[in-house]
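Working notes for the structure below.
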Amino acid sequence: MLRVRVPATTANLGAGFDCLGLALSLFNEVEAETADELDIRVEGEGAAELPADATNLVWRAAQRVFEHVSHAPRGARLRLRNAIPLESGLGSSAAATVAGLMIGNALVGAPLDEAALLDLAVTMEGHPDNVAPALLGGLVVAGQ
């Protein structure tokens, strides 16, 4: 069983629009293991709203890794425990993206390094201000 914990983030700090981000001490957790088909269970924040199928952002991010390395498991069992409120400005989509990339990478033997995962995360989100601190932690200054 794989487990990742990804922090909430805050961004656009002061004059650092789209480049300054800060990891916070509120986390989403994802547990995963390979399976014959896809099974997603969402608990906590967004449990009633978030899809539990192949359109789930965590799974879509994992699929980006699979496409990038041309290798994918048949399916997976994912358990998402969300503590980050949706649409709150605390980076819930960045956390989901980063969690999915990390889980996807681990499910295929971790061929991608941190820099490659960050590149995929920025590509998916469009800018680094939330995904960089979600992946790296701390206070991050990032540019494209």
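The values are calculated or read from the model by the stated rules, or taken from the named source; none is laboratory data. Because the structure is predicted, anything quoted here is derived from the model rather than measured. As a convention, Cβ positions derive from the backbone with ideal geometry for all residues, glycine included, and neighbour counts pool all protein chains shown. These accessible areas exclude ligands, DNA and RNA; they are computed on the full protein's heavy atoms, side chains included. Shrake-Rupley method; radii C 1.70, N 1.55, O 1.52, S 1.80 Å.
Summary table
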| quantity | calculated |
| --- | --- |
| Pick from segment 24-38, criterion polar (S, T, N, Q) and farther than 12 Å from residue 85 by Cβ, ranking: modelled with the highest pLDDT | 25 |
| Hits in segment 74-132 - residues which are surrounded by fewer than 21 Cβ atoms within 10 Å (Cβ to Cβ), in contact with a Leu (Cβ under 7 Å, 6 or more places away or on another chain) and hydroxyl-bearing (Ser, Thr, Tyr) | 93 |
| Every residue from segment 113-141 that is of a type in the set (Asp, Glu) and touching a Gly at 6+ places or on another chain (Cβ under 8 Å) | 129 |
| Complete set of residues in segment 78-97 that are polar (S, T, N, Q) and assigned to a loop (DSSP other than H, G, I, E, B) | 88 |
| Output for segment 52-77, where each listed residue is of a type in the set (Lys, Arg), at pLDDT 95 or above and not in a helix (DSSP H, G or I) | 77 |
| Residue pairs meeting the criteria (Cβ under 6 Å; at least 6 apart or on separate chains; first more than 12 Å from residue 81 (Cα to Cα), in segment 39-51; second polar (S, T, N, Q) and in a loop (DSSP other than H, G, I, E, B)) | none |
| Options 49, 37; residue that is outside any strand (DSSP E or B), closer than 15 Å to residue 107 by Cα and of a type in the set (D, E, K, R) | 37 |
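Residue-wise test of (1) outside any loop (DSSP other than H, G, I, E, B); (2) under 16 Å from residue 100 (Cβ atoms); (3) open to solvent by 60 Å² or more (accessible area, probe 1.4 Å).
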residue	(1), (2), (3)
7	yes, yes, no
10	yes, no, no
14	no, no, yes
17	no, no, yes
23	yes, no, no
28	yes, yes, no
32	yes, yes, no
41	yes, yes, yes
